[in-house]
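Trainee: I have a structure I would like to understand better, so I am pasting it below and will then ask my questions one at a time.
The values are calculated or read from the model by the stated rules, or taken from the named source; none is laboratory data. All of these numbers come straight from a predicted model, not from anything done at the bench. Note: ideal-geometry Cβ built from the backbone for every residue, glycine included; neighbour counts use all protein chains shown.
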Amino acid sequence: MSPRYNFLPLPGQEGGQGDGRKGFFSTLLVRLIVEKTNAVNIRRFFEEAKAQIEQGDPIQASEKLYKAAEETVKRLAERFDLPQWIEASRKERWTAALLFGAVQGLAERTNRQEILNAWHAAWFLHVEGFHEARLEIEAVNFRLPLVEELIKLADT
């Protein structure tokens with residue numbers, strides 16, 4: 001009697017992760033855990049940025065908004081299986097060039113210019129607000145809605 005269903009093997013079974021191949025369900029589970037973790041981190045960075053704005057700290061608020069945008073771009077790049085995400089996975093790191101390429105790819109693929117606008121605002125915050133410490137709190141707060149809209153795109 002042959003089995004009625006053919007399930008993917010578990011780790012340690014022939015064809016499972018134990019022999020060097022990834023099973024569908026274990027890969028799916030890892031991706032779901034990473035997706036949930038990324039969403040929590042993005043929201044945490046964004047909430048920390050708002051708190052820093054309330055405290056009047058433009059340097060830390062700038063960096064937290066940038067980190068929220070950066071993690072959102074990575075999350076969307078993975079979701080859309082962009083070549084930049086594949087390259088970053090292979091290299092085990094993201095570079096500025098990969099991030100900018102992913103933003104362009106996302107804007108083109110979704111036909112949404114606001115992705116590009118939000119990224120440029122976040123990059124401006126990263127450079128001028130964090131590294132150069134040249135921004136006033138009003139300039140940081142002015143860009144917060146752009147980053148928030150990018151995050152909302154990832155939540156849909």
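Trainee: Looking only at region 104-122, count every residue that is more than 17 Å from ARG44 (Cα to Cα), surrounded by 18 or more Cβ atoms within 10 Å (Cβ to Cβ) and not aromatic (Phe, Trp, Tyr) and tell me the total.
Mentor: Looking only at that region, the number is 5.
Trainee: Which one is surrounded by the fewest Cβ atoms within 10 Å (Cβ to Cβ) among residues in region 140-156 that are closer than 15 Å to SER62 by Cβ and within 14 Å of the chain's Cα centre (by Cα)?
Mentor: GLU148
Trainee: Report, by residue number, each residue of region 88-109 that is out of contact with any Ser or Thr (no Cβ under 9 Å at 6 or more places or on another chain) and at pLDDT below 95.
Mentor: If the condition is that a residue be out of contact with any Ser or Thr (no Cβ under 9 Å at 6 or more places or on another chain) and at pLDDT below 95, then SER89, ARG90, LYS91, GLU92, ARG93, TRP94 are the ones that fit.
Trainee: While we're here: For region 73-93, name all the residues that are within 16 Å of ALA154 (Cβ to Cβ) and of a type in the set (A, V, I, L, M, F, W, C).
Mentor: VAL73, LEU76, ALA77, PHE80, LEU82, TRP85
Trainee: Taking the conditions exactly as written (under 20 Å from LYS152 (Cβ atoms), at pLDDT 95 or above and surrounded by 20 or more Cβ atoms within 10 Å (Cβ to Cβ)), does LEU125 satisfy them or not?
Mentor: Working: under 20 Å from LYS152 (Cβ atoms): yes; at pLDDT 95 or above: yes; surrounded by 20 or more Cβ atoms within 10 Å (Cβ to Cβ): yes.
Spelling it out, LEU125 is indeed under 20 Å from LYS152 (Cβ atoms), at pLDDT 95 or above and surrounded by 20 or more Cβ atoms within 10 Å (Cβ to Cβ).
Trainee: Among the residues of region 56-65, how many are assigned to a loop (DSSP other than H, G, I, E, B) and either hydrophobic (A, V, I, L, M, F, W, C) or at positive phi (or both)?
Mentor: So the answer is 1.
Trainee: Note down all Cβ pairs under 7 Å where the first residue falls in region 29-58 and is polar (S, T, N, Q), the second is modelled with pLDDT of 75 or more, and they're at least six residues apart or on different chains.
Mentor: Matching pairs, first to second residue: ASN38/GLU71; ASN38/ARG75; ASN41/GLU71; GLN52/GLN60; GLN52/ALA61; GLN52/LYS64.
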